[in-house]
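K.L.:
Input: one structure, supplied below.
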Amino acid sequence: MKVLISVTHLLGTGHLARAIALADAFASAGHDALILSGGMPAPHLQPGSTAKLVQVPPVRSDGVDFANLLDPDGRPVADDYRSKRETAFNEALQSFEPDVVITELFPFGRRVLAGEFESLLRAARALAPRPLVFCSIRDVLAPPSSEKKAQQTSDRIRDFYDGVMVHGDPGITPLEQSWPVTPEIAAKLAYTGFIAPTLPAAAPEGDGADEVLVTAGGGPVGDSLFRASVAAAANSGKTWRLLVGGGDRETRMAELRKRATPNVIIESVRPDFREVLQRAALSVSQAGYNTMMDLAASGAPAVLVPFEDGGETEQLQRAEAFAKRFPMTVLRDRDLTPERLLTAVRGALERPRPHVAAEFSLDGAARSVEVIEEALKR
């Protein structure tokens, strides 16, 4: 079976990380997997030895303004650039001749890229034999801003898709809490469980041991969290390690180092993050999907400061749902100050560290492979 996954991340890198986890699961099951990535390159995220990633001309959002896209030079995306992207997606489709096409997030999001996604879907439908088409979405979505947009999504699911994989658990974050599930969508839903990577073995000694680990994913976000952390660390008596992402990370790290005391380590996001996390005394982070999966898999105690810029509610919903089951403290971004962060950190450090990881399914990638295999047999 040949599986093509189309994904475009615009701000953070979580969408790409999840697509890579899916591709690696298909490859591990003996299938050919190809990722078409339309977001900015993320060198720290690469598929395993057999899955492949093809980078098409990339775009990014203008901060949290997802309606305005920029090219790698920071210029508004022109029509000819969009045409290059559309051509790249479709040529890869024709060359690969997949049995299955998976669009990550679309049509529940990425509506600003609807033209290129629909072009890809129409081209897939014209192939002989026609590949199965599935959508891959996270547990919590940004809700539609109007009934019209919700209906457009339902219509696209009806017209183009054979199934919708929800990478979550309906007992924790049911899709209907963030999206109106119409009969057309409900008939095609398949909950896979959460997608979490297998944690690597971590030696007890090394970077992160007994430290406060501060992260904000791999994108250019988290400045307020990092600044508050640098200030809080000065009075904590602990070593704090900040992992900074984004294409402008060097500039951001330099600014943070000007404020930092000697007990603060500031460095770039690193590929061995999960090993560092397992050694840490405490995690301080936002509440993106992949971060939460790492925390759930490791059982690490955490202080969560969900991303809420631009009226975003996804991370807050997820953080509050997980905090009911795990030793996690939620501190709203609007309430974030160095003093409040330090209070939350001290309280979390005083709690006994649990030794129990998640009590629900974290093998969503493997289950996704089973969902597709079963659908292909039918």
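K.L.:
I'm trying to understand the selection: among the residues of segment 358-378, which are of a type in the set (A, V, I, L, M), assigned to a helix (DSSP H, G or I) and either touching a helix residue (DSSP H, G or I) at 6+ places or on another chain (Cβ under 9 Å) or modelled with pLDDT of 95 or more (or both)?
P.N.:
Across segment 358-378, the qualifying residues are 365, 366, 369, 371, 372, 375.
K.L.:
Quick one: count up the residues across segment 245-282 that are of a type outside the set (S, T, N, Q) and assigned to a helix (DSSP H, G or I).
P.N.:
Qualifying residue count, segment 245-282: 16.
K.L.:
Let me ask something additional. Considering only segment 302-310, I want to know if a residue exists there that is part of a helix (DSSP H, G or I), under 24 Å from residue 205 (Cα atoms) and modelled with pLDDT under 90.
P.N.:
No: zero hits.
K.L.:
Here's another thing I want to ask about it. Identify the residue in segment 329-347 that is in contact (Cβ under 8 Å) with a residue 12 or more places away in the chain and of a type in the set (Ser, Thr, Tyr) and, among all such residues, is farthest from residue 260 (Cα to Cα).
P.N.:
Start the filter on segment 329-347 by keeping residues that are in contact (Cβ under 8 Å) with a residue 12 or more places away in the chain, which leaves 329-334, 336-339, 341-342, 344-347.
Retained after the next criterion (residues that are of a type in the set (Ser, Thr, Tyr)): 329, 337.
Numbers: 329: 24, 337: 16 Å.
Per the stated criteria, the residue is 329.
Conditions (1) assigned by TED's automatic domain parsing to the domain that holds residue 218; (2) within 16 Å of the chain's Cα centre (by Cα); (3) modelled with pLDDT of 95 or more, marked per residue:
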site: 13; (1), (2), (3): no, yes, no
site: 26; (1), (2), (3): no, no, yes
site: 41; (1), (2), (3): no, yes, no
site: 73; (1), (2), (3): no, no, no
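K.L.:
Sticking with this structure for a sec: Would you check if there is a residue in segment 333-354 being part of a loop (DSSP other than H, G, I, E, B), within 24 Å of residue 13 (Cα to Cα) and at pLDDT 95 or above?
P.N.:
To start, the set of residues in segment 333-354 that are part of a loop (DSSP other than H, G, I, E, B) comprises 336-337, 351-354.
Pick out the ones that are also within 24 Å of residue 13 (Cα to Cα) and you get 336.
Next, only the ones that are at pLDDT 95 or above stay: 336.
The answer is yes; a qualifying residue exists.
K.L.:
Can you tell me which of 95, 61, 83 is modelled with pLDDT under 95 and of a type in the set (S, T, N, Q)?
P.N.:
Answer to the check: 61.
K.L.:
Please determine whether any residue of segment 292-315 is crowded, with 18+ Cβ neighbours inside 10 Å, closer than 27 Å to residue 44 by Cα and aromatic (Phe, Trp, Tyr).
P.N.:
Checked segment 292-315: at least one residue is crowded, with 18+ Cβ neighbours inside 10 Å, closer than 27 Å to residue 44 by Cα and aromatic (Phe, Trp, Tyr).
K.L.:
Can I ask one more? Tell me which residues, restricted to segment 55-71, are hydrophobic (A, V, I, L, M, F, W, C) and surrounded by fewer than 16 Cβ atoms within 10 Å (Cβ to Cβ).
P.N.:
Going through segment 55-71, the residues hydrophobic (A, V, I, L, M, F, W, C) turn out to be 56, 59, 64, 66-67, 69-70.
Result: 64, 67.
The values are calculated or read from the model by the stated rules, or taken from the named source; none is laboratory data. None of these values were measured; they are calculated from a predicted model. FYI the Cβ positions are ideal-geometry reconstructions off the backbone, even for glycines, and counts take in every protein chain you see.
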